[in-house]
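The values are calculated or read from the model by the stated rules, or taken from the named source; none is laboratory data. Please read all numbers here as calculations on a predicted model, not as lab measurements. Quick reminder, even Gly has a Cβ in these numbers, built from the backbone with ideal geometry, and neighbours come from all protein chains shown. The area values use the complete protein model at the heavy-atom level, side chains included, leaving out ligands, DNA and RNA. Shrake-Rupley method; radii C 1.70, N 1.55, O 1.52, S 1.80 Å.
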Amino acid sequence: QVQLVESGGGLVAAGGSLRLSCAASRIIFSEYNSSWYRQAPGKQREVVATISSAGSTTYSDSLERGRFTISRERLRNTLFLQIDHLKPEDTAVYYCKADRISAFGRQEDYWGQGTQVTVSP
């Protein structure tokens, strides 16, 4: 069974940094498009950043450039999200997702359970 497990969230003061991790089992991140999403209280889940299977990265236009960095490490098969200069509005549950269309034409989507990030003023 595929599992994505996020970690690294917590309570941090505004201006600080966090590095979120997402470890995968039974899939290889480099074979999928991998993304970080977040969902703030009372809001819809939104995409933060995506790294394609080929390694290209894209970031949400609605987020401030340069504060978020998505990456992955092949050896540990782990996806990362570095968040710098944290702001209270970054408070949300952060989720990782892996998706692809399989060789059989089937859409595959896998989600983690989320990790809470809380930024104090």
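Considering the stretch 32-69, the residues that are hydrophobic (A, V, I, L, M, F, W, C) and more than 27 Å from Gly105 (Cα to Cα) include one that is surrounded by the fewest Cβ atoms within 10 Å (Cβ to Cβ), namely Ala40.
Residue check: is Glu73 exposed (fewer than 14 other Cβ atoms within 10 Å of the Cβ) and at pLDDT 95 or above?
So Glu73 passes the test.
Just name the residue that is most open to solvent (accessible area, probe 1.4 Å) out of those in the stretch 13-26 that are in contact with a strand residue (DSSP E or B) (Cβ under 6 Å, 6 or more places away or on another chain) and not polar (S, T, N, Q).
If we filter the stretch 13-26 for residues that are in contact with a strand residue (DSSP E or B) (Cβ under 6 Å, 6 or more places away or on another chain), which is where we start, we get 13-14, 18-25.
Those still in the list that are not polar (S, T, N, Q) too: 13-14, 18-20, 22-24.
Values: Ala13: 56, Ala14: 50, Leu18: 30, Arg19: 120, Leu20: 0, Cys22: 0, Ala23: 47, Ala24: 22 Å².
If we take residues in the stretch 13-26 being in contact with a strand residue (DSSP E or B) (Cβ under 6 Å, 6 or more places away or on another chain) and not polar (S, T, N, Q), then Arg19 is most open to solvent (accessible area, probe 1.4 Å).
State whether one or more residues within the stretch 66-80 are in a loop (DSSP other than H, G, I, E, B), on the phi < 0 side of the Ramachandran plot and free of Cβ contacts under 8 Å to residues at least 12 places away in the same chain. Yes, the stretch 66-80 has at least one match.
Number of residues in the stretch 16-48 that are of a type in the set (Phe, Trp, Tyr) and under 16 Å from Thr118 (Cβ atoms) equals 0. Considering only residues of the stretch 76-86 that are touching a strand residue (DSSP E or B) at 6+ places or on another chain (Cβ under 6 Å) and within 16 Å of Gly9 (Cβ to Cβ), which is surrounded by the most Cβ atoms within 10 Å (Cβ to Cβ)? Once the filter is applied, the top-ranked residue is Leu79.
Within the stretch 87-109, being part of a strand (DSSP E or B) and surrounded by 18 or more Cβ atoms within 10 Å (Cβ to Cβ) holds for Ala92, Val93, Tyr94, Tyr95, Cys96, Lys97, Ala98. Restricting attention to the stretch 110-121 and to residues that are open to solvent by less than 90 Å² (accessible area, probe 1.4 Å) and not polar (S, T, N, Q), the residue that is farthest from Ser56 (Cα to Cα) turns out to be Val119.
Of all residues in the stretch 1-17, those satisfying the criterion of being closer than 17 Å to Arg67 by Cα and assigned to a loop (DSSP other than H, G, I, E, B) are Gly8, Gly9, Ala14, Gly15, Gly16, Ser17.
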